[in-house]
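Notes follow once the structure below has been shown.
The values are calculated or read from the model by the stated rules, or taken from the named source; none is laboratory data. On a predicted model such as this, the values are computed, not experimentally measured, just so you know. Note that each Cβ is placed from the backbone with ideal geometry, even for glycine, and that neighbours are counted across all protein chains shown. Calculation scope for accessible area: heavy atoms of the full protein, side chains included, ligands and nucleic acids excluded. Shrake-Rupley method; radii C 1.70, N 1.55, O 1.52, S 1.80 Å.
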Amino acid sequence: MGYSIVGESVKRVDAVAKVTGKAKYTGDFLERDMLVGKILRSPHAHAMVKNIDVSKAKALPGVEAVLTYRDVPANKFATAGHPYALDPAHRDKEDRTILTNKARFVGDAVAAVVATDELVAQEALKLIEVEYEVLEPLLTPEAAMREGAPLIHEDCPRNIVSSAGYEIGNIEEAFKESDYIFEEEFETSIVQHCQLENHISIAYVDSDGRIVIITSTQIPHIVRRIVGQALGIPWGRVRVIKPAVGGGFGSKQDVCLEPLAAAMTLAVGGRPVKLELSREECMIDTRTRHAIKYKIKTGVAKDGKLVGMHITAISNTGAYASHGHSILMAGGSKFRILYPMKALKYDAYTVYTNLPVAGAMRGYGSPQITYAVECHLENIARKLNMDPIELRRKNLVQVGYVDPLNGNVVRSCGIRECIDKGKELIKWDEKKARYQNQTGTKRRGVGMACFSYASGTYPAGQEIAGARIVLNQDGSVQLQLGATEIGQGSDTVFAQMTAEILGIPVDMVHVISTQDTDVSPFDTGAYASRQTYITGMAVKKAALEVKEKILDFVFKMTGIPAQALDIKDCNIVYKHSGEAVMPLAEVALRTYYDLCSAHPITSDTSNNARVNAFTFGVTFAEVEVDVCTGKIEVVEIYNVHDSGKIINPQLAEGQVHGGVSMGIGYALMEQMLFDEKTGKPLNNNLLDYKLPTIMDIPEIGVAFVETFEPTGPFGNKSLGEPPVIPVAPAIRNAVLDATGVAFNRIPMNPQRVFEKFKEAGLI
Amino acid sequence: MYNIQGYFEAETVKEAVDLLAANPNLVVIAGGTDVLIKMHHGQIEKAELLSIRKIKSLEGIEKLEDGTVTIGPLTTFTQVANSPVIKENIPVLAEAALSMGGPQIRNVATIGGNICNGATSADSASTLFALDARLKLQSPQGERVVPIQDFYLGPGKVDLKPAELLTGILISPENYQGYAGHYIKFSMRKAMDIATLGVAVLCKLKEGRLFEDVRIGLGVAAPTPIRCPEAEAFARGKDVSRETIAEIGKLAVKATRARTSWRASKEYREHLVEELTQRALKAAVLKAGGGEVA
Ligand SMILES: Cc1cc2nc3c(=O)[nH]c(=O)nc-3n(C[C@H](O)[C@H](O)[C@H](O)COP(=O)(O)OP(=O)(O)OC[C@H]3O[C@@H](n4cnc5c(N)ncnc54)[C@H](O)[C@@H]3O)c2cc1C
């Protein structure tokens, strides 16, 4: 494709502002007379608040308000960052109130304080006297689903949020037709996003009596709706401002602080209140990644063709549903396109427990199921004495495949080329041969895993995006979006798209990075790897409209038909020859000031994308295992992605670097731990929670197989979440290759590896 | 936000110990990388702090005429790691210093704070144990010198008397001259982590083939850093061989008092002691010119 700016590694539009510290994050807003809010958290995993006495706290000088469940609206609301469903049957589970009189996990918010500063607020929390009736904590899905277990939420029998699944074809028949049947179990752990910027919101009431919330979020328009619902006020009375955001990974695709921040400012007559979580709080009272247990039964034909698969998934969603069952369903639908089979049965249970709330996190259920399935396929290949790559190749999807349940179509697919490239980069065949029959203390192995993913949520979710472009007097433009820059680089790629279409350099596209629900176009936000694909469509549409209006204006000025014209390098040119007609700036100036025909050019566009695109990729990893200490080191790792056309290679590589690091942590180190009896968090800080440092991550190899996706605005498909998805199973398969020991549970941390090696007789 | 109720600065040791004597609530702060964390987590509340950062006499590293190496407690880990005196005479201590935290932390954290904090995981401690370091302590009543082994009383507990300040760390020549050493910090991360096990080994060889002396200092193998007397006694005079080293590894476990926690099981910790003591000793032998032991 003949693009000149799309496809180039142009510098991030926010690079200088961020490295010089000028970019303004929520914590940089220093509102006048600002107060500080703090939350009193339950020390019990499951308990009723019998009595709560706030009189001493209220009497403390400097305390402006103390709130309990009695002082805030009792409206139940859902917190998941999804578009609102007009059909009540499709809405997220409304199981939350701003403050609770029933604690459902250690850390649940039972009261809150607003005070002049943090220390006073902290002191006041200690003065609140709460009497609890302690209930049995249910810390595993098994305990929670047990007959007769207490109910965490009254309306969910056996604590099951949902058990909706699906069946494609007839699984029992498929098993009958199979030559072999394999059955295994896999398990993933609870991990946390650990984005750099903790959750923070500032709320106040403005001079018109509206509630303004400045907040670190991925989804400002959704926050506005949910605050309205939680407070029971018209949504238009809420204004949400999203400034620069220091990462989210899904933990900010959820409404965690904003309703409480709003309630706090209302309690103090509208004075600004800052509610900021510490890292320790962030790790227990925002969101986590669901731990999921899988049982997989697979029927395979002699030649390695997968005939049918029956997956039972049990997901631990913690104390409130948040994204709840959507995670299991999304994971269960995005992976299945990769290896089409005659029959696929998916039994899925999302279960409440008395642990922190699980929600959206990069990959949204796909890292879990991809881990299980890609480990399972590796084991099957070994049992069949087949090359694991061969087994996968035999079953890969072809272009033209239509998902039988949601109707999404595979229109571009570079998975085979991704595999080829990955094999070559890691020198697969050579290493496979070299690493046979090792006996030393340090053993090496190679492994790989594939994934498929979607670009956005259609048709499960609505995919609407807005863009607004204003042509300035000098021929530059203002680009306004409802989609959010949270560090991933979306503002930059939108600027590239606009510049590409309008024939101007990127620095003539001024991106308004802040979203303000009062003025920004409607867009649901940063999640589901949707923005470059979905919002990109809206940006393209808006830019094309502006271009059309410009050329029309030129036609009126010159009589040259618009079809004969184009814009190149800030000039209006003849399409056929490239000969300049006049500078764009001259046209732009006239659109403002021509006495007769002035009509400033703008476009305000919304795009409802009723389409989706599948993305693919692989991880190839080489590990060195220290058999005597249980330490696993990733020595080489490559991710190869088919994300369609790459809009900005350097930013794309950055996404892959981050995703791979996250995947390495998921495979080897990270896990949130809780006391097995009480549910108290054991490691909710960055010392005890082993997030890898830069020293723990090897050089990361990145490559792209650039297919052209016909539905993408520039041939592009998703890339935000995908890099994390296949990493853990690839590492696990490499460990299996090195040692012959199959880990069906992550993380493979040294303690666990030691135990397993002892069991296997390696130590 | 820290709840700091008062803040004092001393410029001399005398001024500091007098202030401490006058106000028993004062908490000494050096680099603050333990004190401030404790305040953040509520283990120290409403502190009144006494900064000793301005006491110049507590800084720096020197080799005295008799060969004793003295380290001022205010010396940062970066300074320990970069010190020519340390690198030339006791390189294993520089190794240990470099394993600590990350560059920013090493720039502020002091070796005195590391010891006085009393953690069994302190990255300088196991090496200082192996070196038989002695600590100089000063109070308004006077000065005393104690072996580091006696200074550690329990987890987070050290033998600092009221109004007492650590003023020097002494390593005498008979404890480092002729020795080669190796430190292994076994942790889950390569930086910014607390040790799961710290193993410091010193050895002195006779004719390159006999162990004249072996010293093993372990961190996180017991509530305080420890030495391994049985293993060390066994080693003396034995030939440098795979078998001897294997036995030393086994005996090292005898000194430990590991326990199971959510961080690691007792069984795994003991396994690591056996394995890593051997590895550290083999590396130390190599540095002592003893050749490779497979
Ligand atoms: C991010 C991070 C990473 C870390 N990583 C490591 C690591 O890898 N390994 C490791 O061992 N530690 C680590 N630590 C812990 C800490 O940095 C060290 O223990 C450090 O050496 C403490 O020194 P300091 O000067 O900061 O002590 P401070 O916090 O100032 O003091 C520590 C204690 O010693 C007392 N004290 C200090 N100096 C004296 C003195 N001269 N006389 C009497 N009492 C005194 C103080 O009252 C206090 O009780 C880490 C800490 C952080 C925050």
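The requirement of being within 19 Å of B:Asp123 (Cβ to Cβ), touching a helix residue (DSSP H, G or I) at 6+ places or on another chain (Cβ under 6 Å), of a type in the set (A, V, I, L, M, F, W, C) and away from chain A (no Cβ under 14 Å) is not satisfied by B:Ile226.
Applying the set (1) assigned by TED's automatic domain parsing to the domain that holds A:Ala703; (2) in contact with a Pro (Cβ under 7 Å, 6 or more places away or on another chain) to A:Tyr371 leaves exactly one unmet item: (1). Can A:Pro710 be described as surrounded by fewer than 24 Cβ atoms within 10 Å (Cβ to Cβ), touching a residue at least 24 places away in the same chain (Cβ under 8 Å) and within 14 Å of chain B (Cβ to nearest Cβ)? For A:Pro710, the condition - surrounded by fewer than 24 Cβ atoms within 10 Å (Cβ to Cβ), touching a residue at least 24 places away in the same chain (Cβ under 8 Å) and within 14 Å of chain B (Cβ to nearest Cβ) - is not met. Just to be sure, is A:Pro710 out of contact with any helix residue (DSSP H, G or I) (no Cβ under 8 Å at 6 or more places or on another chain), over 25 Å from B:Leu197 (Cβ atoms) and in a loop (DSSP other than H, G, I, E, B)? The answer is yes for A:Pro710. Among the residues of the stretch A:539-559, the ones that are free of Cβ contacts under 8 Å to residues at least 40 places away in the same chain and open to solvent by 70 Å² or more (accessible area, probe 1.4 Å) come to 2 in all.
Against the test of being modelled with pLDDT of 95 or more, within 12 Å of the ligand (Cβ to nearest atom), in the same structural domain as B:Ile71 (by TED's automatic domain parsing) and in a loop (DSSP other than H, G, I, E, B), the options B:Gly112, B:Gly118 yield a single qualifying residue, B:Gly118.
Among all residues of the stretch A:524-545, there is at least one that is touching a strand residue (DSSP E or B) at 6+ places or on another chain (Cβ under 9 Å) and more than 21 Å from A:Gly456 (Cβ to Cβ). Of the residues that make up the stretch A:626-635, is at least one away from every other protein chain (no Cβ under 14 Å) and assigned to a strand (DSSP E or B)? No, every residue in the stretch A:626-635 fails to be away from every other protein chain (no Cβ under 14 Å) and assigned to a strand (DSSP E or B). One residue stands out among those in the stretch B:188-207 that are more than 12 Å from chain A (Cβ to nearest Cβ) and in a strand (DSSP E or B): the one that is farthest from the ligand (Cβ to nearest atom), which is B:Lys206.
Looking at A:Pro698, A:Pro723, A:Pro729, just one residue is within 12 Å of another protein chain (Cβ to nearest Cβ) and either within 30 Å of B:Lys266 (Cβ to Cβ) or away from the ligand (no atom under 16 Å from the Cβ) (or both), and that residue is A:Pro698.
Taken over the stretch B:121-135, the criterion of being of a type outside the set (S, T, N, Q) and within 11 Å of the ligand (Cβ to nearest atom) is satisfied by B:Ala122, B:Asp123, B:Ala125, B:Leu135. Identification of strands (runs of 3 or more DSSP E) wholly contained in the stretch B:1-99 with 2 or more residues that are of a type in the set (Gly, Ala, Ser) and within 14 Å of the ligand (Cβ to nearest atom) yields B:47-51. Out of curiosity, is A:Asn744 open to solvent by 10 Å² or more (accessible area, probe 1.4 Å) and either in contact (Cβ under 8 Å) with a residue 12 or more places away in the chain or over 28 Å from A:Phe614 (Cα atoms) (or both)? Yes; evaluated as a whole, the condition is true for this residue. For the stretch B:255-269, the candidate set comprises residues that are free of Cβ contacts under 8 Å to residues at least 40 places away in the same chain and surrounded by 14 or more Cβ atoms within 10 Å (Cβ to Cβ); within that set, the residue that is farthest from the other protein chains (Cβ to nearest Cβ) is B:Ala255.
Of A:Met309, A:Met341, A:Met329, all but one fail to be crowded, with 24+ Cβ neighbours inside 10 Å and of a type in the set (A, V, I, L, M); the exception is A:Met309. The set of residues in the stretch B:175-187 being part of a loop (DSSP other than H, G, I, E, B) and away from chain A (no Cβ under 14 Å) consists of B:Tyr176, B:Gln177, B:Gly178, B:Tyr179.
Condition test on A:Thr591, is it at pLDDT 95 or above, touching a Pro at 6+ places or on another chain (Cβ under 7 Å) and within 14 Å of another protein chain (Cβ to nearest Cβ)? No, not satisfied. For the stretch A:452-570, which fully contained strands (runs of 3 or more DSSP E) count at least 1 residues that are within 26 Å of A:Asn408 (Cα to Cα)? By residue number, A:464-471. Out of A:Val660, A:Val656, A:Val640, one residue alone is aliphatic (A, V, I, L, M) and assigned to a strand (DSSP E or B). It is A:Val640. Looking across the stretch B:183-211, the residues that are under 21 Å from B:Gly67 (Cα atoms) and either modelled with pLDDT under 95 or open to solvent by 10 Å² or more (accessible area, probe 1.4 Å) (or both) come down to B:Lys204, B:Leu205. Of the residues in the stretch B:122-135, at least one is part of a strand (DSSP E or B), buried (at least 19 other Cβ atoms within 10 Å of the Cβ) and not hydroxyl-bearing (Ser, Thr, Tyr).
Taking the condition open to solvent by less than 10 Å² (accessible area, probe 1.4 Å) and closer than 30 Å to A:Asp179 by Cβ, does A:Gly228 pass? So A:Gly228 fails the test. Listed by position, the helices (runs of 4 or more DSSP H) contained in the stretch A:79-192 that have at least 3 residues being more than 14 Å from chain B (Cβ to nearest Cβ) are A:141-145, A:171-177.
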